[in-house]
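I have placed the structure first, in the form of structure tokens, so that the comments after it can refer back to it.
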Amino acid sequence: MAWDRSGVKNPNWKGGFALKSRYIRHRALGHLRADSWGYVDEHILIAEKALGKPLPPKARVHHVDCNERNNEKRNLVICENHSYHQLLHLRTEALRRGALPGHLPTRWRAGIRLSEQVDRFLQEEAIA
Ligand SMILES: [Zn+2]
């Protein structure tokens with residue numbers, strides 16, 4: 001018999017949310033972004049509630065303070081896609097290092113695989 005991980009039979013049951021990833025997750029059966037267990041990241045649900053509709057498929061949600069468990073509305077930014085999300089992380093890193101957010105020396109980017117789109121954002125900013 002397969003172990004039933006759903007609902008109250010699960011020893012990790014915490015009344016509707018699970019802590020099996022670095023994110024806080026809630027059971028939301030039938031949600032477009034639900035995993036195979038029926039769980040959705042809490043920040044997705046909060047962003048969608050604020051937006052009043054499901055997030056577009058490519059949208060990502062960023063945590064401003066980089067604390068992935070701080071899902072207060074004011075800590076969340078809906079990004080149109082993964083590339084824009086990466087860009088916010090790079091800018092945050094620049095600020096953390098005391099630089100202007102748009103100033104991202106190549107050496108800081110070493111080891112971070114940037115999508116072409118992020119590279120384009122950065123080049124456009126450099127020209128502007
Ligand atoms: Zn982020």
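The values are calculated or read from the model by the stated rules, or taken from the named source; none is laboratory data. Please read all numbers here as calculations on a predicted model, not as lab measurements. Quick reminder, even Gly has a Cβ in these numbers, built from the backbone with ideal geometry, and neighbours come from all protein chains shown.
Annotations
- Output for the range 79-95, where each listed residue is part of a helix (DSSP H, G or I), in contact with a Lys or Arg (Cβ under 7 Å, 6 or more places away or on another chain) and more than 11 Å from the ligand (Cβ to nearest atom): none
- Candidates 100, 51 - the one that is at pLDDT 90 or above and either loosely packed, with under 13 Cβ neighbours inside 10 Å or touching a strand residue (DSSP E or B) at 6+ places or on another chain (Cβ under 6 Å) (or both): 51
Here is a yes/no grid of residues against (1) loosely packed, with under 14 Cβ neighbours inside 10 Å; (2) among the basic types (Lys, Arg); (3) away from the ligand (no atom under 16 Å from the Cβ):
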position: 31; (1), (2), (3): no, no, yes
position: 36; (1), (2), (3): yes, no, yes
position: 41; (1), (2), (3): no, no, no
position: 44; (1), (2), (3): no, no, no
position: 55; (1), (2), (3): no, no, no
position: 58; (1), (2), (3): yes, yes, no
position: 70; (1), (2), (3): no, no, no
position: 74; (1), (2), (3): yes, yes, no
